[in-house]
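Quick note: the coordinates plus some simple rules give every number you see, no bench work behind them. Quick caveat: nothing in here was measured; it's all calculated off a predicted structure. Neighbour counts are summed over all protein chains in view; Cβ atoms, including those assigned to glycine, are modelled from backbone coordinates with ideal geometry.
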Amino acid sequence: MAKSVLILSTSREKLPIGNGEKKLGGLWLEELAAPYFIFEEAGFEITVASVKGGKIPVDPNSLEGDFKTADCEKFLNGEKTAKSLEESVALPSLLGKTYDAVFLPGGHGAVFDLNSDPSVIALLEKQWAAGGVVAAVCHGPAGLIKPQAHNGDPIVKGKKVTGFSNSEEAAVGLTDDVPFLLEDALKEQGGIYSAGPDWGPYAVADGKLITGQNPGSSAEVAKLIVKALSS
């Protein structure tokens with residue numbers, strides 16, 4: 001029987017900032033596209049969902065220049081994959097289902113809705129309690145901050161984790177526009193945070209918890225998920 005993977009994206013398109021203006025948020029496409037094709041090659045059953053369902057907002061910066069990778073092109077041009085961006089499944093409709101792995105791609109929208117939506121928290125607490133794989137990349141680990149284990153501890157407590165670093169946030173000029181710095185938040189919840197060089201691929205697996213640092217780490221996270229589900 002094929003392993004099942006739920007890919008859960010942000011639905012948050014804009015980032016509110018202090019003076020009322022808004023900056024672009026949404027999904028960073030590479031973080032969905034690269035893992036999708038690795039999961040597909042592994043023969044996994046893939047469900048693409050978002051917090052609200054429907055069209056997933058994609059950060060247009062992720063479609064510019066070298067950020068628009070070959071996997072991004074393939075995803076946008078594939079009938080099935082392009083449709084999954086336009087017609088993602090709404091998370092609340094999936095809470096009764098079970099998955100072998102739940103994977104959270106990032107994009108700056110993730111630090112808002114993946115971190116705060118009750119359905120996301122409920123999904124991840126159920127997944128963790130069932131012993132399934134929980135994985136995230138870049139800003140996706142924002143969704144791992146609030147879910148708790150049965151004993152009330154954060155699921156990241158005492159676990160090796162990574163995610164978008166403070167220095168990378170500073171490099172993109174959004175330190176003052178996000179509600180929290182992901183590196184700091186993971187540490188505050190008891191995560192054993194580490195990072196590689198800025199923008200280089202870096203992923204960490206600690207049991208069933210798998211995290212990656214930045215967009216370039218997406219494929220590495222997906223490979224660790226495949227490995228975890230194959231063991």
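If packing is taken as the average number of other Cβ atoms within 10 Å across a peptide's residues, how do 43-51, 170-178 rank, most packed first? Please list the in-between numbers first.
Working: 43-51: 19.3, 170-178: 14.0.
Listed from highest to lowest mean packing, they are 43-51, 170-178.
Based on the Kirkwood radius over alpha-carbon pairs, what value in µm²/s does the Stokes-Einstein equation return for the translational diffusion coefficient of segment 47-146 at 25 °C and 0.890 mPa s?
Numbers: Rh = 14.3 Å.
Estimated diffusion coefficient is 172 µm²/s.
Mind listing the phi-derived Karplus ³J(HN,Hα) values for segment 2-13, rounded to whole Hz, using 6.51, -1.76 and 1.60 with θ = phi - 60°, and x for any glycine or proline?
5, 6, 10, 10, 9, 9, 10, 9, 4, 10, 8, 8
What is the dipole size for the chain, taken about its Cα centre, with +1 at each Lys and Arg Cβ and -1 at each Asp and Glu Cβ, in debye to the nearest 20? Please list the in-between numbers first.
On the way: 21 positive and 30 negative charges, 149 e Å.
Using only the charged Cβ atoms, the result is roughly 720 debye.
When we measure straight from the Cα of LYS68, which lysines land under 22 angstrom away, once same-chain ones fewer than 8 places off are left out?
The reachable lysines, counting only those whose Cα sits under 22 Å from LYS68, are LYS14, LYS23, LYS55, LYS80, LYS83, LYS223.
Need the full-extension length gain, ALA149 to GLU73, defined as separation in residues times 0.36 nm minus the C-alpha distance. One decimal, nm. Before the final figure, lay out each step's value.
Working: separation 76, 0.36 × 76 = 27.36 nm, distance 3.85 nm.
Once the chain is fully extended between ALA149 and GLU73, it gains 23.5 nm.
Net charge near GLY196, counting Lys/Arg +1 and Asp/Glu -1 over other residues with Cβ under 14 Å of its Cβ? Before the final figure, lay out the partial values.
On the way: positive: LYS160; negative: GLU168, GLU183, ASP198, GLU220.
Here the charged neighbours net out to -3.
Packing-wise, with mean Cβ within 10 Å as the measure, how do 4-11, 142-149, 113-120 rank, highest first? Don't jump to the answer; show the numbers that get you there.
Numbers: 4-11: 26.9, 142-149: 22.4, 113-120: 20.2.
Highest mean packing first, the order is 4-11, 142-149, 113-120.
Can you work out the Karplus-derived ³J(HN,Hα) for every residue in segment 217-230? Use 6.51 cos²θ - 1.76 cosθ + 1.60 with θ = phi - 60°, whole Hz, and x for glycine or proline.
For segment 217-230, the Karplus curve yields 9, 4, 5, 5, 4, 4, 5, 5, 5, 4, 4, 5, 7, 9 Hz.
Please compute the net charge surrounding LYS160, taking Lys and Arg as +1 and Asp and Glu as -1 over other residues with Cβ under 13 Å from its Cβ.
Values: positive: LYS157, LYS159, LYS187, LYS208; negative: ASP206.
Around LYS160, the surrounding residues sum to +3.
Tell me, in nm to one decimal, what length is gained between LEU63 and SER230 on full extension, where the rule is 0.36 nm per residue of separation less the Cα-Cα distance? It would help to have the intermediate numbers written out before the result.
On the way: separation 167, 0.36 × 167 = 60.12 nm, distance 3.25 nm.
Length difference between fully extended and current span is 56.9 nm.
To the nearest 500 deg cm²/dmol, what mean residue ellipticity at 222 nm is calculated for the chain from DSSP H runs of n ≥ 4 alone, each contributing -39,500 (n - 2.57), summed and divided by the residues?
It comes out at -8500 deg cm²/dmol, rounded to the nearest 500.
Suppose every K and R has +1 on its Cβ and every D and E has -1 on its Cβ; what is the size of the dipole of segment 119-199 about the Cα centre, in Debye to the nearest 20?
Numbers: 6 positive and 10 negative charges, 105 e Å.
Using only the charged Cβ atoms, the result is roughly 500 debye.
Considering just Cα atoms, how many Å³ per residue does the convex hull of the chain enclose?
Values: hull volume 26.6 nm³, N = 231.
Convex hull volume per residue, Cα atoms: 115 Å³.
Taking the Cβ of each residue in HIS139, HIS108 as the centre, tally the other Cβ atoms inside 10 Å and list the residues starting with the fewest. Please list the in-between numbers first.
Numbers: HIS139 30, HIS108 27.
Final ranking by Cβ density, sparse to dense: HIS108, HIS139.
Using the Cα centre of the chain as origin and beta-carbon charges of +1 (Lys, Arg) and -1 (Asp, Glu), tell me which of TRP199, TRP28, PRO60 is placed farthest towards the positive end of the dipole.
TRP28
Using unit Cβ charges (K, R positive; D, E negative) and no other charged atoms, how large, in debye to the nearest 20, is the dipole of segment 1-89 about its Cα centre? Don't jump to the answer; show the numbers that get you there.
Working: 11 positive and 15 negative charges, 83 e Å.
Around 400 debye, computed over segment 1-89.
Once phi is turned into θ = phi - 60°, what whole-Hz ³J(HN,Hα) does the Karplus curve with 6.51, -1.76 and 1.60 give for every residue of segment 27-39, x standing for Gly and Pro?
With coefficients 6.51, -1.76 and 1.60, one gets 8, 8, 4, 3, 6, 9, 5, 4, x, 3, 6, 5, 5 Hz.
Starting with the fewest neighbours, write out PHE164, PHE180 ranked by other beta-carbon atoms found within 10 Å of each beta-carbon. Intermediate values should be presented prior to the final figure.
Values: PHE164 32, PHE180 13.
Least to most surrounded, the residues fall as PHE180, PHE164.
LYS3: which aspartates and glutamates have alpha carbons under 13 Å from its alpha carbon, excluding same-chain residues fewer than 8 sequence positions away?
Result set, ordered by chain and number: GLU40, GLU41, GLU45, ASP100.
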